[in-house]
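The values are calculated or read from the model by the stated rules, or taken from the named source; none is laboratory data. Small disclaimer: the values here were computed from a predicted structure and weren't measured. So basically every Cβ, Gly included, is an ideal-geometry build from the backbone, and we count neighbours across all protein chains shown.
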Amino acid sequence: MSDSNKRLDGGQVSEASTSPTAEARQSKVTDGIVTAVQATAEAVGGAVAEEEQESFKQQLNFQGFTLLKAGEVRKFNMLRDENPTWYPDFSGVNNFFDVGVNLSGINLNGVNLSGANLSRVDFCTADLSGADFLKAKFFMTSLYVAKLSGAKNLTPEQLSGTFLFNARIDASQKPLLEKASRLIMESIEITDK
């Protein structure tokens, strides 16, 4: 018999008389500790994973921003293709497009361009569908054959003075075109979405 089965007064306790309830309690405590340690490890791992993911998104945003500043459309589109769940956030970046930069064919689908100065940018054949243009500035911006379906926060004032030829817009965006002044447009394709 082991020392744990000896009574304090020196007598022996039979194996059968040890308390199964005490063993069950000890097992529950052990299981609880293991579960708590696992939960803590998962929480810490999840927090680290979230931080790493956020850091990765920030790196992609910086790399994408650098490519846009340089007018590197092909490289930017490749970066988007390699990271299909990345929707760049370029909000709050003021004047990051050089005046007159050619971004023809750029994939800015779902990108946050809130507050961006897009004046004189050439978005010929660009995919701007789902992009957020809250307080973005357009002046003499070329949207020739651009896709604007689902674009958010566009106002008639923003579109005033832009070139909109053969662009694709949602039916819900048609009133924007009707209210915009100095909008140069032709052959607009209106889709159901």
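One residue stands out in the range 129-169 among those that are charged (D, E, K, R) and under 14 Å from Ile190 (Cβ atoms): the one that is surrounded by the fewest Cβ atoms within 10 Å (Cβ to Cβ), namely Arg168.
A count restricted to the range 154-177 and to residues that are in a strand (DSSP E or B) and of a type in the set (Val, Ile, Thr) stands at 1. Looking at the range 186-193, can you tell me whether even one residue there is exposed (fewer than 13 other Cβ atoms within 10 Å of the Cβ) and either aromatic (Phe, Trp, Tyr) or within 26 Å of Pro88 (Cβ to Cβ) (or both)? The answer is yes; a qualifying residue exists.
Within the option set Asp132, Asp98, being farther than 19 Å from Pro175 by Cα and either modelled with pLDDT under 90 or acidic (Asp, Glu) (or both) holds for one residue only, Asp98. Among the residues of the range 135-153, those that are in a loop (DSSP other than H, G, I, E, B) and at pLDDT 85 or above comprise Lys135, Ala136, Thr141, Leu143, Tyr144, Val145, Ala146, Leu148, Ser149, Gly150, Ala151, Asn153.
Selection within the range 59-78: residues that are at pLDDT 90 or above and touching a helix residue (DSSP H, G or I) at 6+ places or on another chain (Cβ under 6 Å). The member of this set that is farthest from Leu134 (Cα to Cα) is Lys75.
Assess whether Gly161 counts as being of a type in the set (Gly, Ala, Ser) and closer than 23 Å to Val73 by Cβ.
Considered against the rule, which asks whether it is of a type in the set (Gly, Ala, Ser) and closer than 23 Å to Val73 by Cβ, Gly161 comes out as no.
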